[in-house]
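The next block holds one structure in the form of structure tokens; read it before the comments.
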Amino acid sequence: MRIGFRTSPQNTDWPSLEAAWAEAGRHDVFDSGWLNDHLSDPGRQRGGPSFESLTTLAALAHHVPGRTVGQTVLAATFRHPAMLAKEAVTLDHLTGGRYILALGAGWHAWEHGAFGIDLPSLGERFDRFESTVIVLKALFSDAARQDPGVTLDAPPFRLDGALMEPGTVHPGGPPIWLGGQGPRGLRMAARLADGWNFASNLEGSEDGFRTRRDVLLRACETIGRDPGELTLSAQIVIPGEPAGRRAALERAMGFARDGATEIMLTTPAREGAEGIRRLATEVAAPLRDSFG
């Protein structure tokens, strides 16, 4: 089992955010580092300060050499898939092949409306979400490294002799993890993803994880895919007070027992280095001692 730290880049200043990542780099207990992806504070109905996720990760990744990095999860609605592919390949090179592209369908209505970003109905949103993944995979393929390039229709997107140069460092491109929590999203993960992320702060309990895990495993069985090819991850918000951290540790252990192979421990970036030290010593280290 792998353990990651996750700092939401909202309601913080840059020195605190950078101090948190620098501190995380000093703790061997962390295998990975993560951000979220919002244009504002997702904890508010509207507004709130937030740093942009991809540029933030590019600036912070050097603090955690040798660790996997990513976002849980990028909103597919925020970026055209061709631009997202180019950004992901850049991060793939920057990190030496350690970038994971984790993607969701998008959800925060105010962000989309305020900035003029289309947020279609759920069905259409998932159609576009699936098309985005298809385009990403095509642009990460060997065919995109040489003439005549890649041509495909994945409505509303189209590629016409598209070339993605330079190619990827990680074989086949950055691993793609998906964050869908409903039946369609789980079936999509079974067909197209390298990993699946359970957002326990949004979707609830260990029971919720087990229910979705079982749907995902059945979907893999239906299409003849080995479920061992999929990373199952769960993200947990770690409260600031000691009792809350102890309870969160118990939840993390529950997710690990239920098959999560990557646990992401979320702490506010505004707590800086001290927040990461508490996370490492009071939650991550006991979790590692219990599960190795």
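If you take all C-alpha pairs in the stretch 55-175, what percent of them are over 19 Å apart? Here the long-distance tail beyond 19 Å is 50 percent of all Cα pairs in the stretch 55-175.
Take A285, project a point 7 Å from its Cα along the Cβ direction, then tell me which residues of the stretch 1-28 have their backbone nitrogen under 11 Å from it. Inside the label zone: 28. Placing +1 on the Cβ of every Lys and Arg and -1 on the Cβ of every Asp and Glu, with no other charges, gives the stretch 116-189 a dipole of roughly 300 debye about its Cα centre. Note on exposure: R246, R278, R251, R6 ranked by accessible area (1.4 Å probe, complete protein assembly) read R246, R251, R278, R6, with the most exposed listed first.
The HN-Hα couplings worked out from phi for the stretch 122-132 by the Karplus form 6.51 cos²θ - 1.76 cosθ + 1.60 (θ = phi - 60°) are 4, x, 5, 4, 6, 4, 5, 4, 5, 4, 4 Hz, whole numbers, x standing for Gly and Pro. Highest mean packing first, where packing is the average number of other Cβ atoms within 10 Å per residue, the peptides 41-54, 97-110, 74-87, 231-244 line up as 97-110, 74-87, 231-244, 41-54.
The residues of the chain expose on average 41 square angstrom of accessible surface per residue, using a 1.4 Å probe on protein heavy atoms.
Under the criterion of Cα pairs below 8 Å and six or more residues apart, the relative contact order for the stretch 242-292 equals 45 percent. For the chain, the longest principal axis of the alpha carbon atoms and the long axis of helix 206-223 meet at an angle near 30°.
Taking the helices alone, the chain has a mean residue ellipticity at 222 nm of -12500 deg cm²/dmol, built from -39,500 (n - 2.57) per DSSP H run of at least 4 residues and averaged over all its residues.
Here the stretch 244-292 is treated with +1 on each Lys and Arg Cβ and -1 on each Asp and Glu Cβ, and its dipole about the Cα centre works out to around 100 debye.
Only the Cβ atoms of Lys and Arg (+1) and of Asp and Glu (-1) were treated as charged; on that basis the dipole of the chain about its Cα centre amounts to roughly 380 debye.
With the dipole of the chain worked out from charges on the C-beta (+1 for Lys and Arg, -1 for Asp and Glu) around the Cα centre, which of L217, G180, A138 lies farthest toward the positive end? Most positive-ward Cα: L217.
For the peptides 129-135, 142-148, 224-230, the ranking by mean Cβ contacts within 10 Å, running from highest to lowest, is 129-135, 142-148, 224-230.
The values are calculated or read from the model by the stated rules, or taken from the named source; none is laboratory data. Bear in mind the structure is a predicted one, so any value in this text is a computation, not a measurement. Glycine also receives a Cβ, built like all others from the backbone with ideal geometry; neighbour counts cover every protein chain displayed. For accessibility, only protein heavy atoms count, side chains too; no ligands or nucleic acids. Shrake-Rupley method; radii C 1.70, N 1.55, O 1.52, S 1.80 Å.
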